[in-house]
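Enquirer: So that we are looking at the same thing, I have put the structure below in structure tokens.
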Amino acid sequence: MIFRKALLAASVVALPLAGCNDAADGGGSGAREQIRVVGSSTVYPFTTAVAEQFVRKYPQFQSPIVESTGTGAGMKLFCAGVGAAHPDIENASRRMKPSEYEECVRNGVRDVVEMQIGVDGLAFAQAKSGPALALTEQDIYEAIAASPYGKPQTAKTWADVNPALPPVPIKVYGPSSTSGTRDSLVELVLKPGCETDAATKALKDSAPEQFESICSRLREDGGYVDSGENDNLIVQKLTVNPTAVGAFGYSFLEENLDKLKGVPIQGVMPSYKSIQDGSYPGARPLFLYLKKAHLGAVPGLREFIAEYSRAWQPRGYLTRRDLIPAPDPIRAAADRAASELVPLDPAQLK
């Protein structure tokens, strides 16, 4: 982790590239000799690992800039335009939304290459010394929603939500609103929990905005604590508050099994196998998005993508960083995208 921080700190200044007049020089407004990556805090450790290997293998290129901004904030930066002032790659812990793609197009970013680098899980965890919790999607929704089923949030302890759970205070440390992990929390866990109520589920068609508000908004009275983009900070908070629960990328749980234990959801523990086969409710894909217009302008960008594609293989070094390889057909599609660099079809986004 120290090396990753040093890499980031050493790479924050982009150097000018004289005489570059192509798509990534912002129309003559300057250019970069460094690759710039923004986005997901979950994908960040994988991308920094690739950046480290890239620098060793290709010393003629400068160290990439890798910024942990969160998926949503990263998409805004990525889609803001083409040129040296805008990043080349977006890390994402969820798929690009149609609205984000439309924003890209409005700003001249038309050829975007999508690659699924692997699979991760939105894992729920607690300190090893914490009380035993086995939660359902409904439990989690009722515990941390701002207004469960449209009613005031009154639950103070897990027992208030479900009498079978221990009477310990509800305290969930989780991702911020700019994080793709937050989007995964909403889509993979909160909405399924919300839809256990038939009347609320019916709002999905009859009153979609009301449905979104009831099912997606999180409480702000301390029951849910927005912990920013630093998942390691959540790990630290759990070790000093053993009754609390954390929600973050599975790789952070895997790295800290000496301190933490997973919390089963719907009776399934977060694990390598349950995430790869999709049986764990929090399983989710991880993505890389490339701005194709920058390929001929930013030195090393094509080589960086090729290095990443080698790293995400089942025997690639990212598995040692706890990346879970994607199933074979999905990985084959990602390999083709990385080698052929064919832009994504926006019709596939939903």
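The values are calculated or read from the model by the stated rules, or taken from the named source; none is laboratory data. It should be emphasised that the depicted structure is a prediction, and the values quoted were computed from it without experimental measurement. Using ideal geometry, Cβ is built from the backbone for each residue, glycine included, and neighbour counts are taken over all protein chains shown. Surface accessibility is based on the protein's heavy atoms, side chains included, excluding ligands, DNA and RNA. Shrake-Rupley method; radii C 1.70, N 1.55, O 1.52, S 1.80 Å.
Enquirer: Using mean Cβ contacts within 10 Å as the protection proxy, how do 109-122, 254-267 order, highest first?
Expert: In decreasing order of mean packing, 109-122, 254-267 become 109-122, 254-267.
Enquirer: Where does the stretch 239-337 land on Rg/Rh, using Cα atoms and the Kirkwood Rh?
Expert: Result: Rg/Rh = 1.06.
Enquirer: Counting DSSP beta bridges in the chain, what percent are antiparallel, to the nearest 5?
Expert: Roughly 70 percent of the beta bridges in the chain run antiparallel, per DSSP.
Enquirer: With a 10 Å radius around each residue's Cβ, average the other Cβ atoms per peptide and rank 207-220, 141-154, 82-95, highest first.
Expert: Descending packing order for the listed peptides: 82-95, 141-154, 207-220.
Enquirer: On to the next question. Would you give the gap between the C-alpha center of the stretch 264-343 and the C-alpha center of the stretch 101-139, rounded to a whole Å?
Expert: 13
Enquirer: Report, in listed order, any pair from K76/K204; K156/K201; K201/K292; K171/K273 with a Cα-Cα distance greater than 31 Å.
Expert: K201/K292
Enquirer: Principal axis extents for the stretch 147-293, Cα atoms only, whole Å, descending order, please.
Expert: Computed over the Cα atoms, the extents are 51, 41, 28 Å.
Enquirer: Still on this structure, I have one more. Quick check: residue separation of D345 and D258 times 0.36 nm, minus the Cα distance between them. What number comes out in nm?
Expert: Full extension of this stretch gives 27.0 nm more.
Enquirer: When the distances between all Cα atoms of the chain are binned every 10 Å from zero, what whole-number percent does each bin get?
Expert: 6, 25, 32, 22, 12, 3, 0
Enquirer: Collect residues whose amide H, placed 1.01 Å from N in the peptide plane, falls under 5 Å from the amide H of D120; neighbours closer than 5 in sequence don't count.
Expert: Here the answer is R284, L286, since their amide H atoms fall under 5 Å of that of D120.
Enquirer: With Rg and the Kirkwood Rh both taken from Cα atoms, where does Rg over Rh land for the stretch 119-227?
Expert: 0.95
Enquirer: Also: Under the definition of Cα pairs under 8 Å and six or more residues apart, what whole-number percent is the relative contact order of the chain?
Expert: This gives 26 percent for the chain.
Enquirer: Amide H of H86: which non-local residues (sequence gap of 5 or more, or other chain) have their own amide H closer than 5 Å, using H built in the peptide plane?
Expert: none
Enquirer: Would you mind getting me the FRET efficiency between K237 and A202? Use the beta-carbon distance for r and R0 = 30 Å, nearest 0.05.
Expert: That pair, K237 with A202, gives E of 0.20.
Enquirer: Turning to a different aspect of this structure: Evaluate the Kirkwood expression for the hydrodynamic radius of the stretch 71-158, namely the inverse of the mean inverse distance over all pairs of different C-alpha atoms, and round to one decimal in Å.
Expert: In the stretch 71-158 this quantity evaluates to 16.7 Å.
Enquirer: May I ask you to give the solvent-accessible area per residue for the stretch 285-330, in square angstrom, as obtained with a 1.4 angstrom probe?
Expert: For the stretch 285-330, the per-residue accessible area is 38 Å².
Enquirer: Which percent of the accessible heavy-atom area of the chain goes to carbon and sulfur, probe 1.4 angstrom?
Expert: Answer for the chain is 54 percent, counting heavy atoms of protein chains only.
Enquirer: Using a 1.4 Å probe, what is the accessible area per residue for the stretch 139-269, in Å²?
Expert: In whole numbers, the stretch 139-269 has 43 Å² accessible per residue.
Enquirer: Right, something else. Please state the shape class of the stretch 230-296: rounded when a/c is under 1.5, otherwise prolate if a/b exceeds b/c and oblate if not, all from the C-alpha gyration tensor.
Expert: Verdict is oblate for the stretch 230-296.
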